[in-house]
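Single-structure report; data block below.
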Amino acid sequence: MKLLIPSDAPFTLDPVPDGVEVALYDPAAPVPDDLLDADAAVVWGFAAQNLHQFATEMPNLRWVQAMTAGPDALLAAGLPERVQITVGRGFHDQTVTEHAVALTLALTTNLPHYLAKQSQHLWDGPGFRPLHTAERLGSIIDTEVLIWGFGSIGTNLARVLTDLGARVRGVASTAGVRGGYDCFTADELPRLLPETDVLVMVLPNTPSTKHALNAQRLALLKPTSLVVNVGRGTCIDEAALVDALSAGRLGGAALDVFETEPLPADSPLWDAPNTILTPHAAGGRPLGVETAVRVNIGHLLAGEPLELLAKV
């Protein structure tokens, strides 16, 4: 079995399992001709050239392991039915949670304001202040948090936010209780959004999630509500978000993902009030990849079902 691994992968698969030949490939370049006979591949970035080769030029390909939590690019690539796709479910739970919490706390603690004062060498001691005022949220404590996209990352994030004093609910494809948290479908958003202090989005990029947070849904949030997005940038109508922020109809936003990446220099998001932007930095640090790859190598060689299969 020949397995392709990106040259910049965060693991080396050393020692190599018996019966496996490992070859490194440059994810930013076409797969070389001598590697097109590979049986399996681990992928990180989804270069269009690579995906086209996986779909049309690799007759032996039987398995592709994504290091991303979402398989949308692979599912859209037109891979033959014989190719099993497994995803990075769980690889990013801790790191994306860490980033989402950092963004949320930066907004609630007014960290950008204090950083600006620091650059001016100005002391701006606030003195006594309540947790929350009619103008802004001052803490994650005693807030209603809604996590839209309550999968593996969302469940992990919910536990951390609960420990910090928030009350957490989720929105998922099906209603019920997940990990001890009440989850609702998007049909319930007209009721849930007006009650929400912090909306954290962890949605994948699918046709059904395109601009899921649009002007109509933004209008349902409180003027003090915060929006945090660590899912996919296509899920927010960015023009509507800027309008809401600029008009004071929203308390703030913290975004790690954008509809166009890199974010264009002329995007109005750069100068939107009460907004924190990070350059798709929540991911990029998958944990547990090598263990998952080793497990699925064993399953593939034994003719057994693979774990972490993508939901088609």
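The values are calculated or read from the model by the stated rules, or taken from the named source; none is laboratory data. Since we're looking at a predicted model, the values are computed, not measured. Don't worry about glycine lacking a Cβ; one is built from the backbone with ideal geometry, like all the others, and counts go over all protein chains shown.
Points worth noting:
- Residues located in region 154-186, provided they are among the β-branched types (Val, Ile, Thr) and under 19 Å from Leu107 (Cβ atoms): Val160, Thr162, Val168
- Residue list for region 245-271, filter: more than 22 Å from His113 (Cβ to Cβ) and without any contact (Cβ under 8 Å) to a residue 24 or more places away in the chain: Pro262, Leu263, Pro264, Ala265, Asp266
- Failed item, numbered, when Asp163 is tested on (1) under 19 Å from the mean Cα position of the chain (by Cα); (2) loosely packed, with under 14 Cβ neighbours inside 10 Å: (1)
- Just one residue in the set Ala253, Ala239, Ala292, Ala244 is part of a helix (DSSP H, G or I), small (Gly, Ala, Ser) and closer than 24 Å to Glu98 by Cβ; that residue is Ala292.
- Test for Thr291: is it in the same structural domain as Ala40 (by TED's automatic domain parsing) and loosely packed, with under 12 Cβ neighbours inside 10 Å: yes
- In region 217-232, the residue that is surrounded by the most Cβ atoms within 10 Å (Cβ to Cβ) out of those that are free of Cβ contacts under 8 Å to residues at least 40 places away in the same chain and closer than 19 Å to Ile153 by Cα is Asn229.
- Selected residue (only one of Leu105, Leu189 is under 22 Å from the mean Cα position of the chain (by Cα), at pLDDT 95 or above, in a helix (DSSP H, G or I) and farther than 30 Å from Ala310 by Cβ): Leu105
- Residue list for region 192-206, restricted to those being β-branched (Val, Ile, Thr) and either more than 19 Å from the chain's Cα centre (by Cα) or within 21 Å of Thr162 (Cβ to Cβ) (or both): Thr196, Val198, Val200, Val202
- Residues located in region 134-167, provided they are of a type in the set (Val, Ile, Thr) and within 20 Å of Leu250 (Cα to Cα): Ile140, Ile141, Thr143, Val145, Ile147
- Residue among Asp37, Asp124, Asp72 that is at pLDDT 95 or above and of a type in the set (Asp, Glu): Asp37
- The listed residue being buried (at least 21 other Cβ atoms within 10 Å of the Cβ) and either farther than 23 Å from Leu105 by Cα or of a type in the set (A, V, I, L, M) (or both), out of Leu189, Leu255, Leu277: Leu255
- Only listed residue being outside the structural domain of Ala166 (by TED's automatic domain parsing) and either more than 13 Å from the chain's Cα centre (by Cα) or not polar (S, T, N, Q) (or both), chosen from Glu57, Glu98: Glu57
- Those residues of region 76-102 which are outside any helix (DSSP H, G or I) and touching a strand residue (DSSP E or B) at 6+ places or on another chain (Cβ under 8 Å), in sequence order: Leu79, Val83, Gln84, Ile85, Thr86, Val87, Gly88
- Scanning region 117-176 for residues that are farther than 21 Å from Ala69 by Cα, assigned to a strand (DSSP E or B) and of a type in the set (A, V, I, L, M, F, W, C) yields Leu137, Val145, Val168.
- Residue match in region 236-247 (condition: surrounded by 19 or more Cβ atoms within 10 Å (Cβ to Cβ), acidic (Asp, Glu) and assigned by TED's automatic domain parsing to the domain that holds Thr108): yes
Yes/no per residue for (1) buried (at least 17 other Cβ atoms within 10 Å of the Cβ); (2) among the hydroxyl-bearing types (Ser, Thr, Tyr); (3) touching a residue at least 12 places away in the same chain (Cβ under 8 Å):
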| position | (1), (2), (3) |
| --- | --- |
| Gly78 | no, no, yes |
| Thr97 | yes, yes, yes |
| Leu103 | yes, no, yes |
| Tyr114 | no, yes, no |
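- From the list Pro130, Pro27, the lone residue that is without any contact (Cβ under 8 Å) to a residue 12 or more places away in the chain and of a type outside the set (A, V, I, L, M) is Pro130.
- Filter pass, Leu131 being modelled with pLDDT under 95 and surrounded by 13 or more Cβ atoms within 10 Å (Cβ to Cβ): yes
- Residue in region 207-219 that is in a loop (DSSP other than H, G, I, E, B), among the hydrophobic types (A, V, I, L, M, F, W, C) and within 19 Å of Leu161 (Cβ to Cβ) present: no
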